[in-house]
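A short write-up of the structure that comes next.
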Amino acid sequence: MTPARERPASSSGSADAPLTDCPPASAEIAEGATSSIYLPPFRVDVTIRPGISALVSRTGVAAAVRAALEAAGAPGPASIGVVLSADCELTQLNALHMGRSGATDVLSFPFFPPEAFPPHESGSDLQRDPWVAAALKQAFALPPGLRAHLGDVIVSVERAVAQAAEGRGGQTGDVHWTAAEELLLLAVHGTLHVCGWDHAEPVEEAAMRAMERSVLGSLPHHDGSETDGSKVESHDATAGRSAAG
């Protein structure tokens with residue numbers, strides 16, 4: 001698992017309040033409803049946990065994720081899961097998989113290594129074994145009607161709202177914009193992590209930020225409606241998660 005952006009919850013104000021009411025880590029999180037949104041060659045499974053406000057329509061989130069997948073050169077046909085949740089679940093996952101305390105805004109669970117995706121500017125010498133590349137290419141050669149699952153992204157809507165309201169949004173953490181814009185940035189950011197992008201090195205961080213700006217700039221404005229012509233199937237299911245990688 002790759003931490004998308006490690007921003008602990010604020011130590012003052014109302015942002016910390018929900019964390020005091022979190023269930024124990026062993027408690028089961030309510031699944032919520034999942035909509036499978038088909039935006040060829042990808043299927044985006046958007047799950048909204050019970051009680052979470054829909055800042056952006058499911059198809060709006062799916063469109064942002066698909067744009068990021070295309071920009072990163074993700075192979076298709078494939079699927080990806082996006083879970084919109086709250087601080088409590090992100091806090092639990094952050095502790096379980098990252099060994100860090102406090103809430104974070106987005107976490108990514110890639111199912112494939114960076115070698116499965118086209119190379120990008122990373123600031124480090126990534127040696128791509130041709131045999132590994134060939135094996136990964138074969139892994140995507142599935143029978144008709146089947147698609148590989150690339151991974152999952154989980155976003156704290158609570159963090160998106162708080163960061164936007166407090167002027168701690170955007171790529172630099174000091175941007176004043178809407179909670180919906182912050183949510184879309186987090187979804188795009190997490191998707192790029194699934195596709196092998198990271199920001200540990202300055203060169204790759206700059207490239208990743210440029211990619212995010214390009215993806216967000218390509219998106220139409222969303223008013224919360226779900227009338228963009230996408231094929232949507234709703235069902236009660238959970239986007240699968242991989243172990244931390």
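The values are calculated or read from the model by the stated rules, or taken from the named source; none is laboratory data. Not measured: the values here are computed from a predicted model. Positions of Cβ are generated from backbone atoms using ideal geometry, with glycine treated the same way; all protein chains shown enter the neighbour counts.
Of these, Thr20, Thr91, which one is within 19 Å of Glu158 (Cβ to Cβ) and modelled with pLDDT of 85 or more? Before the answer, list the steps.
Values: Thr20 fails: modelled with pLDDT of 85 or more.
Thr91 is the lone residue from the list that is within 19 Å of Glu158 (Cβ to Cβ) and modelled with pLDDT of 85 or more.
Name every residue in the stretch 44-63 that is over 21 Å from Gly151 (Cα atoms) and free of Cβ contacts under 8 Å to residues at least 40 places away in the same chain, in order of residue number.
Pro50, Gly51
Yes or no: Ala187 within 18 Å of Val56 (Cβ to Cβ), surrounded by 15 or more Cβ atoms within 10 Å (Cβ to Cβ), of a type outside the set (S, T, N, Q) and modelled with pLDDT under 90? Write out each step before concluding.
Numbers: within 18 Å of Val56 (Cβ to Cβ): yes; surrounded by 15 or more Cβ atoms within 10 Å (Cβ to Cβ): yes; of a type outside the set (S, T, N, Q): yes; modelled with pLDDT under 90: no.
Against the criterion (within 18 Å of Val56 (Cβ to Cβ), surrounded by 15 or more Cβ atoms within 10 Å (Cβ to Cβ), of a type outside the set (S, T, N, Q) and modelled with pLDDT under 90), Ala187 does not qualify.
Yes or no: the stretch 166-178 includes at least one residue that is in a helix (DSSP H, G or I), loosely packed, with under 15 Cβ neighbours inside 10 Å and modelled with pLDDT of 75 or more. Outline the logic, then answer.
Step one: filter the stretch 166-178 for residues in a helix (DSSP H, G or I), giving none.
No, the stretch 166-178 contains no residue that is in a helix (DSSP H, G or I), loosely packed, with under 15 Cβ neighbours inside 10 Å and modelled with pLDDT of 75 or more.
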